[in-house]
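Notes follow the structure.
The values are calculated or read from the model by the stated rules, or taken from the named source; none is laboratory data. Computed from a prediction, not measured in an experiment: that's the story for all the values here. Cβ coordinates were reconstructed from backbone atoms using ideal geometry, including for glycine residues, and neighbour counts include every protein chain displayed.
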Amino acid sequence: MNVSKRIYLDHAATTYTSKEVLNEMLPFFTEYFGNPSSVHQYGREVKKSIDLARDRVAKAIGALPEEIYFTAGGSEADNLAIKGVAYANKSKGNHIITTKIEHPAVIHTCEQLEKEGFEVTYLNVDQYGMVSLEDVKSSIKANTILISVMYANNEIGTIQPITEIAQIAKEKGIYFHTDAVQAIGSVRINVKEQNIDMLSMAAHKFYGPKGVGALYVRKGVKLISIIHGGSQERKRRAGTENVPGIVGMGKAIELAYQNFDEHNSRVKGLRDKLIKGVMENIPYTRLNGHPEKRLVNNSNFCFEYIEGESLLLNLDMKGIAGSSGSACSSGSLEPSHVLLAIGLSHEIAHGSLRLSLGEVNTEEDIDFVLQVLPEIVDRLRQMSPLYEKVKGGK
Amino acid sequence: MYSDKVMDHFSCPRNVGEIENADGVGEVGNAHCGDIMKIYLKIEEDVITDVKFKTFGCGAAIATSSIATDMIKGKTVEEALKITNKAVVEALDGLPAQKIHCSVLAEEAVKAAIEDYQKKKAQ
């Protein structure tokens, strides 16, 4: 492809591993390769590094180090939280409350539990993707054992009233889990002050490596393991530790909160410029997600009368990487469940575009997107039979 | 994921547009599923002398519309009716499995436009 410059605007899908993080990881592939469970020096020196990473993760979210359990990523953390609590608390009840806009790692885990006899309530959200506290309260039953609501949505960026929901759960003596995979690094979190019982994280969303994540589990939460084997992670997650990954995750989360204000205010400035430019220059466009209560790096639009995959391919030809919730780009027949849940029609949901910013993006990147995106949208609309009908009235 | 041929027809689609007072117009698919194809035909003595299309859909939907319109241009109505979705896929050097339905839509759009022509002619 003859593109002179590539612009990455898909940081919500994944980030690169930062150089600082990679440098911290590298010795653990070759020099410090021991098994942390071993008694000898090789094992002991590696064990220390895992302890440091655990301290760093705990500190970033206001938890105790012994409340952090490393996993193979965000999906496993979600599975461990939901199945772990469901199986361990069966005698108390079998009802779980979650939302219609959760990540598939939560939704499909809940659907699996339904097949096993659990009962699940999937809460609706409003047009901005926001869960209502009243709905949370009114769906609680005597047999409710767990409430799981994502911290911030991965597609439309809406940030939920987590502190308030956690408070409701606490008052009723129900465990509260939040999938914070997309929020870490963009939102300040303190699990103690916010009364969060469990929280899922994934390193590759904040400039750490892929294949490693963690679940925070408050001391005292009754949870059983879902991967059985050795006694790693205090018997809650068997398997020899992914040492370089864990070390990288610790460094990455530390950096994310060290540079928090500077990084997020810069990204927010660029993101606001992008949203303003798109909304002002492209007609028949809507911004998806909450106008203010959204992740600083997230923008998500629907362009009426066009389809998302052809939009992505056109952007890709210009070197711009984004993502879409259209059926064609997801490989299924249905457009994004999140866009449908905020009340969009199938037709409009097919024309969505998510551009998620990060450390590498510049003013020039945004200028370039604002230059080419209106042309691409217009070209596709000129090709669209749906656009014919509105053209006259324009 | 797409062949060079698909990307060629997607990035420079042939025969985009409308034909005023077309002799046959066919529209298939629906916005709910994310694909609509509309084909316009100009036909003289049962020969397709001009063809245009408009498509709402993914890369494969646009590419199949483009190549299918190219394939029927200059053909007789009878010849055009013989073009199958398989021929469309072959002409594009293949399509990913989940995109085969786009080629079916292209075949259906051509057939719908010809049916419209035949209906008008019979009146």
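Of B:Ala80, B:Ala106, B:Ala113, all but one fail to be under 21 Å from A:Ala327 (Cβ atoms) and not hydroxyl-bearing (Ser, Thr, Tyr); the exception is B:Ala106.
The residues listed here are B:Ile43, B:Ile48; of these, the one that is over 25 Å from A:Leu380 (Cβ atoms), surrounded by 24 or more Cβ atoms within 10 Å (Cβ to Cβ) and more than 12 Å from the chain's Cα centre (by Cα) is B:Ile48.
Within the stretch A:287-317, track down each residue that is away from chain B (no Cβ under 14 Å), hydrophobic (A, V, I, L, M, F, W, C) and outside any loop (DSSP other than H, G, I, E, B). If you could, list the steps in order and put the result at the bottom.
Applying the first criterion (away from chain B (no Cβ under 14 Å)) to the stretch A:287-317 yields A:287-301.
Going one step further and asking which of them are hydrophobic (A, V, I, L, M, F, W, C), we end up with A:287, A:295-296, A:301.
Of everything in the stretch A:287-317, those that are away from chain B (no Cβ under 14 Å), hydrophobic (A, V, I, L, M, F, W, C) and outside any loop (DSSP other than H, G, I, E, B) turn out to be A:Leu287, A:Phe301.
Provide a single number: the residues in the stretch A:347-357 that are surrounded by fewer than 22 Cβ atoms within 10 Å (Cβ to Cβ) and either in contact with a strand residue (DSSP E or B) (Cβ under 7 Å, 6 or more places away or on another chain) or without any contact (Cβ under 8 Å) to a residue 12 or more places away in the chain (or both). Steps first, answer last, please.
Within the stretch A:347-357, the subset surrounded by fewer than 22 Cβ atoms within 10 Å (Cβ to Cβ) is A:347-348.
Then keep just the ones that are either in contact with a strand residue (DSSP E or B) (Cβ under 7 Å, 6 or more places away or on another chain) or without any contact (Cβ under 8 Å) to a residue 12 or more places away in the chain (or both); that gives A:348.
Of the residues in that region, 1 qualify.
Every listed requirement among (1) over 19 Å from B:Thr49 (Cα atoms); (2) of a type in the set (A, V, I, L, M, F, W, C); (3) surrounded by fewer than 21 Cβ atoms within 10 Å (Cβ to Cβ) is met by B:Val88 save one, (3).
Table: residues versus (1) small (Gly, Ala, Ser); (2) in a helix (DSSP H, G or I).
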position: A:Gly129; (1), (2): yes, no
position: A:Val136; (1), (2): no, yes
position: A:Asn154; (1), (2): no, no
position: A:Gln182; (1), (2): no, no
position: A:Pro209; (1), (2): no, no
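Just the residues that are part of a helix (DSSP H, G or I), more than 14 Å from every other protein chain (Cβ to nearest Cβ) and among the hydrophobic types (A, V, I, L, M, F, W, C), please, taken from the stretch B:40-83.
Restricting attention to the stretch B:40-83, the residues satisfying the condition of being part of a helix (DSSP H, G or I) are B:59-72, B:77-81.
Remaining after also requiring more than 14 Å from every other protein chain (Cβ to nearest Cβ): B:67-68, B:70-72, B:77-81.
If the condition is that a residue be part of a helix (DSSP H, G or I), more than 14 Å from every other protein chain (Cβ to nearest Cβ) and among the hydrophobic types (A, V, I, L, M, F, W, C), then B:Ile67, B:Ala68, B:Met71, B:Ile72, B:Val77, B:Ala80, B:Leu81 are the ones that fit.
Looking only at the stretch A:172-193, residues that are among the small types (Gly, Ala, Ser) and touching a Phe, Trp or Tyr at 6+ places or on another chain (Cβ under 7 Å) come to 3 in all.
Matching residues to (1) part of a strand (DSSP E or B); (2) free of Cβ contacts under 8 Å to residues at least 40 places away in the same chain; (3) out of contact with any Cys (no Cβ under 7 Å at 6 or more places or on another chain):
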site	(1), (2), (3)
A:Ile82	no, no, no
A:Tyr87	no, no, yes
A:Lys92	no, no, yes
A:Ile97	yes, no, yes
A:Val106	no, no, yes
A:Glu111	no, yes, yes
A:Glu114	no, yes, yes
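Residues are listed down the side, and each one gets a yes or a no for (1) under 21 Å from the mean Cα position of the chain (by Cα); (2) basic (Lys, Arg):
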residue: A:Val39; (1), (2): no, no
residue: A:Val46; (1), (2): no, no
residue: A:Ile50; (1), (2): no, no
residue: A:Arg54; (1), (2): yes, yes
residue: A:Ala63; (1), (2): yes, no
residue: A:Glu66; (1), (2): no, no
residue: A:Tyr69; (1), (2): yes, no
residue: A:Ala72; (1), (2): yes, no
residue: A:Glu76; (1), (2): yes, no
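One line per residue, one yes/no per condition, for (1) in contact (Cβ under 8 Å) with a residue 60 or more places away in the chain; (2) within 8 Å of chain A (Cβ to nearest Cβ); (3) assigned to a loop (DSSP other than H, G, I, E, B); (4) not acidic (Asp, Glu):
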site: B:Met1; (1), (2), (3), (4): yes, no, yes, yes
site: B:His9; (1), (2), (3), (4): yes, no, no, yes
site: B:Arg14; (1), (2), (3), (4): no, no, yes, yes
site: B:Glu20; (1), (2), (3), (4): no, no, yes, no
site: B:Val25; (1), (2), (3), (4): yes, no, no, yes
site: B:Val28; (1), (2), (3), (4): yes, no, no, yes
site: B:His32; (1), (2), (3), (4): no, yes, yes, yes
site: B:Lys38; (1), (2), (3), (4): yes, yes, no, yes
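Okay, residues lined up against (1) part of a helix (DSSP H, G or I); (2) touching a helix residue (DSSP H, G or I) at 6+ places or on another chain (Cβ under 8 Å); (3) exposed (fewer than 14 other Cβ atoms within 10 Å of the Cβ):
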site	(1), (2), (3)
B:Asp93	no, yes, yes
B:Glu107	yes, yes, no
B:Lys111	yes, yes, no
B:Lys121	yes, no, yes
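Scanning the stretch A:241-278 for residues that are without any contact (Cβ under 8 Å) to a residue 12 or more places away in the chain and not in a helix (DSSP H, G or I) turns up just one, A:Asn259.
Quick one: is A:Ala169 at pLDDT 95 or above and part of a helix (DSSP H, G or I)? Outline the logic, then answer.
Numbers: at pLDDT 95 or above: yes; part of a helix (DSSP H, G or I): yes.
Taking the combined requirement at face value, the residue satisfies it.
Residue-level analysis places A:Leu386 among those that are at negative phi, within 14 Å of chain B (Cβ to nearest Cβ) and modelled with pLDDT under 95.
Here is a yes/no grid of residues against (1) at pLDDT 95 or above; (2) within 18 Å of A:Ala152 (Cα to Cα); (3) surrounded by 15 or more Cβ atoms within 10 Å (Cβ to Cβ); (4) of a type in the set (S, T, N, Q):
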site	(1), (2), (3), (4)
A:Ser231	no, no, no, yes
A:Thr240	yes, no, no, yes
A:Gly248	yes, no, yes, no
A:Lys251	yes, no, yes, no
A:Lys268	yes, yes, yes, no
A:Lys276	yes, no, no, no
A:Pro283	yes, no, no, no
A:Pro291	yes, yes, no, no
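Looking only at residues in the stretch B:84-119 that are basic (Lys, Arg) and more than 14 Å from chain A (Cβ to nearest Cβ), the one that is farthest from B:Ile19 (Cα to Cα) is B:Lys86.
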